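Input: a single structure, listed below in structure tokens.
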Amino acid sequence: MEIIQGGRDHVDTAALIWAHAVTVRDGYDVVPSLEEARPGIENALANEPALLLLAVEDGVAVGFLAGGPQETGTAYVNYVGVHPDAWGKGVGEALLRALPDALTERGYGAAELLVYVDNARGVRLYERLGWIKVGDPAPHPRNGRVEQRYSFSVA
């Protein structure tokens, strides 16, 4: 598996991965369309320095990580998405292990993200890779699912 730096020309690829991932994760009956999934990825990459990493296996993107600036020196990771066909194959871990170098290259010293507390696989992965809980869990403002903020320092 190779981790590559993505650009604006990879937004649709990331959006389709995300659409399939949330369909399985959240039990949707229908995969969201590209038109429904694209705006979230575009918003995550709207401000510079944007962050888009793609995990590529045999020439096909199977996962991505996307985000951008939150505050001076800190990136916000909006998305860590892996296509369900690649779940359990280390894609998310590979993306997160590539993140420190990508952060440093863009001038970030830290990153933060939110994860649903009922996403046990995600929570275990973040904690195993050194992400630290910040504050108390809180309900997501739109859907009420409880989220936990995590922080990671490059240094």
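For the stretch 1-77, applying the loop criterion from DSSP together with a ceiling of 12 other beta carbons within 10 Å to the chymotrypsin sites (Phe, Trp or Tyr not before Pro) yields Y28.
Between E48 and L129, 0.36 nm times their residue separation minus their Cα-Cα distance comes to what?
On the way: separation 81, 0.36 × 81 = 29.16 nm, distance 2.57 nm.
Separation in residues times 0.36 nm, less the Cα-Cα distance, equals 26.6 nm.
By a 1.4 Å probe calculation restricted to protein chains, T23 has an accessible surface near 20 Å², given to the nearest 10.
Would you mind classifying the stretch 74-126 by shape? Square roots of the alpha carbon gyration tensor eigenvalues, ordered a ≥ b ≥ c; an a/c under 1.5 is rounded, otherwise it is prolate if a/b is larger than b/c and oblate if not. It is oblate, given that a/c is not under 1.5 and a/b is not larger than b/c. In a fully extended conformation the segment linking R8 and R149 would gain 48.1 nm over its present Cα-Cα distance, using 0.36 nm per residue. Between amide H atoms placed 1.01 Å from N, distances below 5 Å from Y76 occur with G68, Q70, E112, all of them 5 or more places distant or on a separate chain.
Per DSSP H run of at least 4 residues, take -39500 (n - 2.57); add these up for the chain, divide by its residues and hand me the 222 nm value, nearest 500 deg cm²/dmol.
On the way: 4 runs with 51 residues, N = 155.
Only helices count here, giving -10500 deg cm²/dmol.
Kirkwood hydrodynamic radius (Cα pairs, Å) of the chain? List each step's numbers first, then the result.
On the way: mean 1/r = 0.0639 Å⁻¹.
Taking the inverse mean of 1/r over all distinct Cα pairs, the chain comes out at 15.6 Å.
For H83, nonlocal amide neighbours, meaning residues 5 or more places apart or on other chains whose placed amide H falls under 5 Å from its own, are G63.
The values are calculated or read from the model by the stated rules, or taken from the named source; none is laboratory data. This structure is a prediction, so every number in the text was calculated from the model and none was measured. Cβ sites come from the backbone with ideal geometry, for glycine too, and all protein chains shown count toward neighbours. The accessibility values were calculated without ligands, DNA or RNA, using every heavy atom of the protein model including side chains. Shrake-Rupley method; radii C 1.70, N 1.55, O 1.52, S 1.80 Å.
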